[in-house]
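These notes concern the structure reproduced below.
The values are calculated or read from the model by the stated rules, or taken from the named source; none is laboratory data. The shown structure was predicted, so the numbers you read here are calculated from the model rather than taken from an experiment. Here the Cβ is made from the backbone with ideal geometry for all residues, glycine too, and neighbour counts use every protein chain on show.
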Amino acid sequence: MADGGFLTDLLNLGSNYYTQQQGISDTLDIGRGALGAATEMGTTAVGTSAFKPFTVTTGTGSTTTDATGGFNLGLTPQQLERQKALQTQANTLFGGVTGDVSQASSDLYNQIRGLQLPEEQRRQQMLNQQLQAQGRGGLRTAQYGGTPEQFALSKAQEEAKNAAAYQARTQALGEQQQQLGLGAGLLGQSYIPQQQQLAALSAGTNLANIANVGGRTGAQLQTQAGLSGLEALLQAQQQAGALRQGRDQDLVSLLLGSGSGINATGGLLTGGGDSSTNSNPFTNDSWLDQLYDTPDWLSSLDDIFSSSGGGLFGLLSSLFGGNEEEEEDEDDENEEGET
Amino acid sequence: MAQQLQPLTIAAPGFAGINTQDSPIGLDPSFASIADNCVIDQLGRVGARKGYETVTTNGSSVLGTSKGIEAIHEFIEYDGTVTVFSAGNNKIFTGTTTLTDVTPSGTTITANNWKIVSLADNLFFYQRGHKPLLYDGSALTEAEDASNASGTQPQGNEVLAAFGRLWVADLTGNKHTIYFSDLLHGRKWSGGSSGSLDVTNVWPAGYDEITSIASHNDFLIIFGKRSILVYSGASTPASMVLADTIVGVGCIARDSVKNTGVDLIFLSEDGVRSFQRVVQEKSMPMRDISKNVRSDITYLARLQTLPIKAHYSADEAFYLLSFETSEIVYCFDMRSALQDGSHRVTTWSVINPLCFALTASGDTYIGKSTGIVKYEGYLDNTEKFQMRYFSNPMDFGNTSNLKFLKKFNLTIIGGQNTETALNWGYDYLSDYSKQSFTFGTSNIAEYGISEYNEEGEYSSSIVIQTPKVNGSGSGSVVTFGIEAQINNAAFSIQKIDILALLGRLI
């Protein structure tokens, strides 16, 4: 019995290792499946929520968008011509703004002086007549140059010239300011159609959003539903894995027994019953095997016990050497983890 | 039956001065045809002019062979220092008794027709083509070299100190511009209130040339040769205004313009004229002072090639006009005008003045070849001079009767030791009958002079001579005259009484 207990423990160890190894493998399979499903759902969601270019057409032109988010404000030829005309006028006005203010001032000064000169000439003639009548036409003084009246008139004329110069300068600057305003206004006016196009684009964008929101919401709902399904699938697979482990454990216990000491119970293969009847019910292609889908090693366990010596080592080899495919999977797992 | 002698009294004969302009017949007997070396004395009589006394003692040495002293001016400085400046022999002198040459070294003088005026304690000398000279109380220099001098000193021939500044005109090549200096700075001709007035286009009767400038009655008077411009407000030249113009009358001699205080006298082409003093009225009426000798004056004026000089003496109450070229001086009595506005006029000969000057003391200095002489006494230096008075032809109001002059009763004031000749003639002829006589010596009481132990002089203060001369001949008109060799005594003709016999009608 001492040999039989050791073998049973060894088998129990192997069976436990096996069932746990199966649980690990199942869990990895579940993860891989969830990753693939999630990737597929993301791809589907991206495809569903992708921007769809659209075109807005108004009386001033057509605005087209592209997939990259850009857009092209296309004006009608009439609007383009009008825009060009306005911009040409604006440029002309801007030319005045950046023109020589001195020349403009000079021109205005000459115009103002042209208005003032006749009156000045009349006053000068009156003064000349007055001075001649007073016998003072030839008067020259160090104080005034000529007579005080001539000085006063000359001073007034010079002041008028100064005022005219200042006025001309101010007016020139004012006109430049005015030209700037007009140019800016014309330039602004030239871009009104495009502003209108942009406004229409905004309106079109809102409308496009309505259509797009459905797609994006569908993709979101689809993703949410897929995630829920994926979570349910994972839970089911986890439960299935647990159940599989329980089942395998039960099968091991059935075949190899369970407990220890006085509580030890023998299994079908470990003498727990009639030795004549000690055979594996899960042999290959038996109805139990087909019913439980028992593992190969378990279904061939009867062969192990039937060939003493070598059979046990084969069993251990089977238990601890494991399935080559499973080991390869483990190796793959390790490699992926390292990567 | 013998006719009664008719007394024909001529009181103060010739007291109206010479009249050569009106028809002699019918002229007032107060006019004279000749009144040479005469003046109208203070009592309105024709009398002998004064002579002169030589003041300068070194004239011959400093004047050499030159004409003599041609300009004299008495300068009174603010501190009372009196200096008499004179010009002659192309030099400037100071002093009267001894002429001291003060001509600035380096100054070239080629004429002596200086006009000298004082302004602000400075004395200025101007004549055409010469740099103005300045005496500031210490030395005579060219004005441009004086301190504070500025601008171009105008080298004018006419200068006037009036309205607080100098006025200069009649420059070589510019006889139409008056330059005025800065206020109270006769040497500053730029800056301040200096300036100029070109009157080229102001003359009322075409272009004229400035000959003289004067101030009168707060007017600045600019004399052209044929026009006169009168400016008001000259105290501020920048605003002075032409107040009046006079066409057809001008001034032809710079030095003929004299202020009498109430009048402005000047020589025009047609005689001596004057502005009457006008205080309220703006108009400037003019009088013809030399109306009674107009032709003589205008004729002489045209003959002159040497400067015409004039002199006004309030003390002597005469205006002298000297025609140097003709060696004759017209003397206008300025005490009062005749009814027609003219003034009594006499002539002076022999004296031949080159210039005149009036001193603050009222003395009249005369420039002569010998230097400076003083108008005083009744000898020309030490020489007697002849006074002549001749009446115009007179018919005594009766043109058709012959007049037989039987007797002359003369009343002469003064005339001590004076050789006198009474002349009379008939019918415009100059071959006068003469009767000479000499007045005796008589001393005149000298009030205030104590002459104890001297010959007593207790006679009348006025010496009156009353010679009586018998006449001869006859004619319808009568001319008479007195020639007297003035011998250091006054001589005035007070009255001439003629006793005549009227003859038949002719």
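What the table shows:
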item: Region B:232-250, subset of a type in the set (A, V, I, L, M, F, W, C) and within 10 Å of chain A (Cβ to nearest Cβ), residue surrounded by the fewest Cβ atoms within 10 Å (Cβ to Cβ); result: B:Val241
item: Any chance B:Thr325 is within 21 Å of B:Ala16 (Cα to Cα) and polar (S, T, N, Q); result: no
item: In region A:93-127, the residues that are in contact with a Leu (Cβ under 9 Å, 6 or more places away or on another chain) and either within 14 Å of chain B (Cβ to nearest Cβ) or under 30 Å from A:Gly188 (Cα atoms) (or both); result: A:Leu93, A:Phe94, A:Gly96, A:Val97, A:Val101, A:Ala104, A:Ser105, A:Leu127
item: Count of residues meeting criterion [buried (at least 17 other Cβ atoms within 10 Å of the Cβ), among the polar types (S, T, N, Q) and farther than 23 Å from A:Arg32 by Cα] in region A:213-252; result: 1
item: Breaking point among (1) in a helix (DSSP H, G or I); (2) more than 21 Å from A:Gln167 (Cβ to Cβ); (3) of a type in the set (S, T, N, Q), for A:Gln143; result: (1)
item: Sole exception among (1) surrounded by 13 or more Cβ atoms within 10 Å (Cβ to Cβ); (2) within 31 Å of the chain's Cα centre (by Cα); (3) farther than 23 Å from A:Ile210 by Cα for A:Gln20, by number; result: (2)
item: Criterion (assigned by TED's automatic domain parsing to the domain that holds A:Arg113, of a type in the set (A, V, I, L, M) and more than 30 Å from B:Tyr179 (Cα to Cα)) met by exactly one of A:Ala165, A:Ala156, A:Ala133; result: A:Ala165
item: Unique match (being among the hydroxyl-bearing types (Ser, Thr, Tyr) and farther than 23 Å from B:Ser369 by Cβ) among B:Thr107, B:Thr97, B:Thr103; result: B:Thr107
item: Verdict on A:Gly36 being at negative phi and without any contact (Cβ under 8 Å) to a residue 60 or more places away in the chain; result: yes
item: Residue in region B:387-401 that is in a strand (DSSP E or B) and in contact with a Lys or Arg (Cβ under 8 Å, 6 or more places away or on another chain) present; result: yes
item: Test: B:Tyr126 is loosely packed, with under 15 Cβ neighbours inside 10 Å and aromatic (Phe, Trp, Tyr); result: no
item: Every pair of residues 6+ apart whose Cβ atoms lie under 6 Å, when the first sits in region B:11-32 and is aliphatic (A, V, I, L, M) and surrounded by 17 or more Cβ atoms within 10 Å (Cβ to Cβ) while the second is assigned to a loop (DSSP other than H, G, I, E, B) and modelled with pLDDT of 85 or more; result: B:Ala12/B:Gly44; B:Ala12/B:Arg45; B:Ala16/B:Ser30; B:Leu27/B:Asn392; B:Ala32/B:Gly14
item: Some residue of region B:351-360 being within 30 Å of B:Ser23 (Cβ to Cβ) and surrounded by fewer than 21 Cβ atoms within 10 Å (Cβ to Cβ); result: no
item: Residue within region B:333-355 that is closer than 23 Å to B:Thr81 by Cβ and within 15 Å of the chain's Cα centre (by Cα) present; result: yes
item: Among the candidates B:Thr382, B:Thr364, residue that is polar (S, T, N, Q) and at pLDDT 95 or above; result: B:Thr364
item: Residue within region B:491-502 that is hydrophobic (A, V, I, L, M, F, W, C), over 16 Å from B:Gly415 (Cα atoms) and either at pLDDT below 75 or in a loop (DSSP other than H, G, I, E, B) (or both) present; result: no
item: Every residue from region A:147-157 that is at the interface with chain B (Cβ under 9 Å from one of its Cβ atoms) and either touching a strand residue (DSSP E or B) at 6+ places or on another chain (Cβ under 7 Å) or of a type in the set (A, V, I, L, M, F, W, C) (or both); result: A:Thr147, A:Phe151
item: Subset tally (residues that are within 9 Å of chain A (Cβ to nearest Cβ), within 30 Å of the chain's Cα centre (by Cα) and of a type in the set (D, E, K, R)) for region B:188-231; result: 0
item: Residue among A:Ala67, A:Ala85 that is surrounded by fewer than 17 Cβ atoms within 10 Å (Cβ to Cβ), at pLDDT below 90 and aliphatic (A, V, I, L, M); result: A:Ala67
item: Some residue of region A:128-145 being away from chain B (no Cβ under 12 Å), aliphatic (A, V, I, L, M) and within 22 Å of B:Ser194 (Cβ to Cβ); result: no
item: Count of region A:128-145 residues which are small (Gly, Ala, Ser) and touching a helix residue (DSSP H, G or I) at 6+ places or on another chain (Cβ under 8 Å); result: 2
item: Residue that is surrounded by the most Cβ atoms within 10 Å (Cβ to Cβ), among those in region B:52-65 that are modelled with pLDDT of 95 or more and part of a loop (DSSP other than H, G, I, E, B); result: B:Thr56
item: Those residues of region A:149-196 which are within 60 Å of the chain's Cα centre (by Cα) and among the hydrophobic types (A, V, I, L, M, F, W, C), in sequence order; result: A:Ala168, A:Ala172, A:Leu173, A:Leu180, A:Leu182, A:Ala184, A:Leu186, A:Leu187, A:Ile192
item: Hits in region A:239-259 - residues which are part of a helix (DSSP H, G or I) and touching a residue at least 24 places away in the same chain (Cβ under 8 Å); result: A:Ala240, A:Gly241, A:Ala242, A:Arg244, A:Gln245, A:Arg247, A:Asp248, A:Gln249, A:Leu251, A:Val252, A:Leu255, A:Leu256
item: Scope region A:15-74; condition more than 30 Å from A:Gln238 (Cα to Cα) and of a type in the set (Ser, Thr, Tyr); matching residues; result: A:Thr48, A:Ser49, A:Thr55, A:Thr57, A:Thr58, A:Thr60, A:Ser62, A:Thr63, A:Thr64, A:Thr65, A:Thr68
item: Hits in region B:161-178 (condition: facing chain A (nearest Cβ under 10 Å), surrounded by fewer than 23 Cβ atoms within 10 Å (Cβ to Cβ) and closer than 18 Å to A:Tyr144 by Cβ); result: B:Thr177
item: Any hit, region B:320-329, residues being of a type in the set (Phe, Trp, Tyr), in contact (Cβ under 8 Å) with a residue 40 or more places away in the chain and either within 14 Å of chain A (Cβ to nearest Cβ) or surrounded by 18 or more Cβ atoms within 10 Å (Cβ to Cβ) (or both); result: no
item: Test: residue in region B:243-253 that is farther than 21 Å from A:Leu139 by Cα, in contact with a strand residue (DSSP E or B) (Cβ under 6 Å, 6 or more places away or on another chain) and part of a strand (DSSP E or B); result: yes
item: Flag for B:Phe404 being more than 24 Å from B:Ile297 (Cβ to Cβ) and aromatic (Phe, Trp, Tyr); result: yes
